[in-house]
1. Enumerate the whole-percent occupancy of each 10 Å bin, from 0 to the last occupied one, for all C-alpha pair distances of segment 238-304.
2. Phe98 to Lys139: extension gain in nm, 0.36 nm per residue of separation minus the Cα-Cα distance?
3. Expressed in nm to one decimal, what extension gain is obtained for the pair His305 and Lys86 from 0.36 nm per residue of sequence separation less their Cα-Cα distance?
4. Over the alpha-carbon set of segment 82-231, divide Rg by the Kirkwood Rh and report the Rg/Rh ratio to two decimals.
5. What spacing in nm lies between the two simple spin-label points modelled at Ala149 and Gln295, each 7 Å away from Cα in the Cβ direction?
6. With +1 on each Lys and Arg Cβ and -1 on each Asp and Glu Cβ, how big is the dipole of segment 57-196 about its Cα centre, in debye rounded to the nearest 20?
7. I'd like the Karplus ³J(HN,Hα) series for segment 252-257: coefficients 6.51, -1.76, 1.60, θ = phi - 60°, whole numbers in Hz, and an x wherever there's a Gly or Pro.
8. Quick one: which of Lys61/Lys171; Lys86/Lys229; Lys71/Lys139 span more than 30 angstrom between C-alpha atoms?
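Read the figures in this text as sums done on the coordinates, not as results from a lab. Not measured: the values here are computed from a predicted model. Positions of Cβ are backbone-derived with ideal geometry, glycine not excepted, and every protein chain shown enters the neighbour counts.
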Amino acid sequence: MTRSTRSASVRGVNHPPAGARRYVAALVVFLAAIFAPLGARAASESFDVGEQGFVQIRAIKGEITVRTWDKPTVQIDTDDDFVGRKAPVRYGSPDVPFDIPMRAQPIPTITGIVQLPPESFVIANLKPTQHDGIYIEGKTGTATVTVPANLGMLVVAMRGGPSHVDIDGVKSATMIVALRGGAARFHDVGGDGFVQVLNGRVTATNSNFNRIRVRTVNDSVVFERCSAKQIEASSVHGSVVYDNGQFVPGQARFESTFGNVLIGLGRGGGAQLSAHSGTGKIYSNFTQRNVALHQRDSDATATVHGGGPLVNLSSEHGSIYLYDGAIEQKRDSPDWHEGTARVNAPLPANRSARGLPANPRERVPNGTIHASETIRVRISVASPHRF
């Protein structure tokens, strides 16, 4: 007697064997995966927040864009695993203190271990009351975070690297940005901020800062067409550039250990410049007539447009460049061409081609460090206290 291969029938309905059903199910899943629309993983979530809200973004590394709008909402758009949660926060509490310490870091560089000194940044103009807090966390990936125009505080901390952070249009918030490596870019921003990129570059364009502190180790700090009331920018192996900018009454200090310092005053901007270079030179190139320049050896002072805010410039082993307008208009001599080229030059891959020792811990003589060198090394990230 042979077994029938005909499908079982119940009330006139034919059912395929179990094996056939499994095959069809697997085929459906396979075709759905193939023809699924691109970007299907994209996710968006939003949270309503009140005035002076708090936003914190933390990850190992990532591509983060922060922008603003006129809605009382924080929106997160991501193709990756970034997720947000809402919790109350109180400014001035142990979780978000008014005095935020940036911890000291032992940083490997081509001249050995560099110990960044501990610093703190005081938060001002935030009410010591409860506010809405949005905490965004992920491992790696890309996210765009849109925040209200009246945001109180923004924290971005990437403990790995390299990461890239773009902040556009944030004008009222206190910004704390700490990256292990990569780049931090600011456009059309304002307010206060502390920015630390240990192994990467910081750039700011068309921005008006009330109070800003920036420090790097292995790359440059560049401001273009900016205005600042209180500003301090420093680098160990990078140059510090303030190009075609303005100063309002306050404090200004620009320092580099091995890089150059370039300061260009925008049209009509007045300032009292005080410059010192240890082993480098001081160059000046002013086209306007209302400039009183006094230079002797490694020191120089310049009173521009009758004076104004005091601006201190110093470099231990680099040169100082004083000028008006934009640096692109000043490359009319070999000295200026060399100094500006160092700011944008890529890092040669071969260490011996740069006259550097094969062992990055070996110290190099003065004068052999190029200003804009970015060294890919393993370093620790400084993150805000309790963030």
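1. Binned Cα distances yield the sequence 18, 56, 25, 1.
2. Values: separation 41, 0.36 × 41 = 14.76 nm, distance 2.80 nm.
12.0 nm is the gain from fully extending Phe98 to Lys139.
3. Values: separation 219, 0.36 × 219 = 78.84 nm, distance 5.08 nm.
Extra length from His305 to Lys86 when fully extended: 73.8 nm.
4. We get a ratio of 0.95 for segment 82-231.
5. Roughly 4.6 nm, to one decimal.
6. Dipole magnitude for segment 57-196 comes out near 280 debye.
7. My calculation for segment 252-257 gives 9, 9, 10, 9, 8, 7 Hz in order.
8. Working: Lys61/Lys171 25 Å; Lys86/Lys229 34 Å; Lys71/Lys139 28 Å.
Among Lys61/Lys171; Lys86/Lys229; Lys71/Lys139, the Cα-Cα distance tops 30 Å for Lys86/Lys229.
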